[in-house]
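To start, the structure itself, in C-alpha cells.
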Amino acid sequence: MKNSKVKLPIGVFDSGIGGISVLAEILKLLSHEEFIYFADTLHSPYGIKPENIVQSLSIKAAEFLSLLGIKSLVIACNTATSAAISNIRKMHTFPVIGMEPAVKLAVDLKPKGKIIVMATPLTLKSKKFNELISHYTHLAEIILMPCAGLVEIIEQDYSDRRKIENYLASLFSSREKKDISVVVLGCTHYILIKEEIMKILGGEIHVIDGNYGTAKQLRTVLQNECLLNNTVIEKPCLPLKAQVKFYISGNGNGVEARCKQLLQQEGIICE
Ligand code: DGL
C-alpha cells in the first residue's frame, strides 16, 4: 500500500558542509527522491561545544526540517547523532537515520595493526560512541584521535590545501604509520578531505567511512515503511540530476554554492 507521504522530501542536516558527503552517497542510491539540506553554519562547529548545547541545536534543526514537511530525517553528522538522536526520535513520527563512526566495518576487515578513529572531541567523549567501541575493544586495538579544529579548516579554508595538509601532518607526526591498518573517518566533514588523508597515510592503510552504510539503511527503512519514491537505483548513472533545496543558518556566505560544487564533483547536478 502506498504511503501518502511518499512524495515528501527527505530532510538532511549537518553543522555545515560535511553532510554533503552523506547526501552524495544517498543521491547515488535514491536519485528519484527530493531532499532538503540544512547546514547549521551559524553554529558550526558542533564538535567542540558542550553536549547539551549540541543536543538543543540538533533538536532545533530537526524541528525546522519537520515543519517544512519531510517523510524522513537523516542526521548527517556523527556529533549531532551521538548527542541527540534518541531525543529527536522521541519527538517525531518519521524515521530518523543517524551516523556513527564505522568501527564495526573496520573490525570486520580483521586488521593486523591499529584502528584509528578520527572524530570530533564530542563524538569521542559521548556515551553512545563509548558504548559502541566497548563491543570491539577486545577484537582490535582502537585508538581515538580527536581532531579539534579540523572542521573549522574545512568549513572556512576548504580551498587552502596547504593548511589541511599541515594539520594532518601534525596529527600523524607522532604516529608510526606502519602500526596503523585502518583509519575510520568518524566525522562527515573529514570525508571531504579523504584524498588528503590518504596521501598523508600512504597507500597501505584502509581509510573508511559509514556513508554508504547510512545510504543503504535509509533506503531499507523507506522501503519497509512504504515511503520509497519510484524506482530503486542500484547502479547510479552519472551525471545524476538531483532535486535538493538548501537552507543555511546565518548569512550563508556562499555555502549553498559550495554544497552544489561538492555534489558536482561527485557527478551530481542540482536542478
Ligand atoms: N560533520 C560533523 C560530524 O560528523 C561534525 C562537525 C562539527 O564539529 O561541527 O561529526
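Numbers for the structure displayed
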{"read-out": "Filtered residues of the stretch 154-168 (kept if within 16 Å of the ligand (Cβ to nearest atom), out of contact with any Ser or Thr (no Cβ under 7 Å at 6 or more places or on another chain) and not in a loop (DSSP other than H, G, I, E, B))", "value": "ILE154, GLN156, ILE164, TYR167"}
{"read-out": "Unique match (being part of a helix (DSSP H, G or I) and not polar (S, T, N, Q)) among LEU23, LEU8", "value": "LEU23"}
{"read-out": "Residue that is nearest to ILE75 (Cα to Cα) [pool: residues in the stretch 189-200 that are of a type in the set (Val, Ile, Thr) and within 15 Å of the ligand (Cβ to nearest atom)]", "value": "ILE191"}
{"read-out": "Members of the stretch 7-25 found to be more than 15 Å from the ligand (Cβ to nearest atom) and buried (at least 22 other Cβ atoms within 10 Å of the Cβ), listed by number", "value": "ILE10, GLY11"}
{"read-out": "Failed criterion for PRO121 (all others in (1) farther than 21 Å from ASN211 by Cα; (2) surrounded by fewer than 18 Cβ atoms within 10 Å (Cβ to Cβ); (3) touching a residue at least 24 places away in the same chain (Cβ under 8 Å); (4) within 15 Å of the ligand (Cβ to nearest atom) hold)", "value": "(1)"}
{"read-out": "Qualifying residue in the stretch 86-95 (condition: among the charged types (D, E, K, R) and part of a strand (DSSP E or B))", "value": "no"}
{"read-out": "Residue within the stretch 169-188 that is within 25 Å of ALA24 (Cβ to Cβ), surrounded by fewer than 21 Cβ atoms within 10 Å (Cβ to Cβ) and away from the ligand (no atom under 16 Å from the Cβ) present", "value": "no"}
{"read-out": "Among (1) among the small types (Gly, Ala, Ser); (2) outside any loop (DSSP other than H, G, I, E, B); (3) touching a residue at least 12 places away in the same chain (Cβ under 8 Å) - the single one ALA140 does not satisfy", "value": "(2)"}
{"read-out": "One residue from VAL54, VAL151, VAL107, VAL117 being in a strand (DSSP E or B) and either among the aromatic types (Phe, Trp, Tyr) or at pLDDT 95 or above (or both)", "value": "VAL117"}
{"read-out": "Subset of the stretch 32-48 (residues that are in a loop (DSSP other than H, G, I, E, B) and either surrounded by fewer than 18 Cβ atoms within 10 Å (Cβ to Cβ) or within 18 Å of the chain's Cα centre (by Cα) (or both))", "value": "HIS32, ASP40, SER44, PRO45, TYR46, GLY47, ILE48"}
{"read-out": "Residues satisfying the stated conditions in the stretch 74-108, i.e. of a type in the set (A, V, I, L, M, F, W, C), away from the ligand (no atom under 16 Å from the Cβ) and more than 18 Å from MET145 (Cα to Cα)", "value": "MET91, PHE94"}
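The values are calculated or read from the model by the stated rules, or taken from the named source; none is laboratory data. Since the model is a prediction, treat every value here as computed from it, not as a measurement. Here the Cβ is made from the backbone with ideal geometry for all residues, glycine too, and neighbour counts use every protein chain on show.
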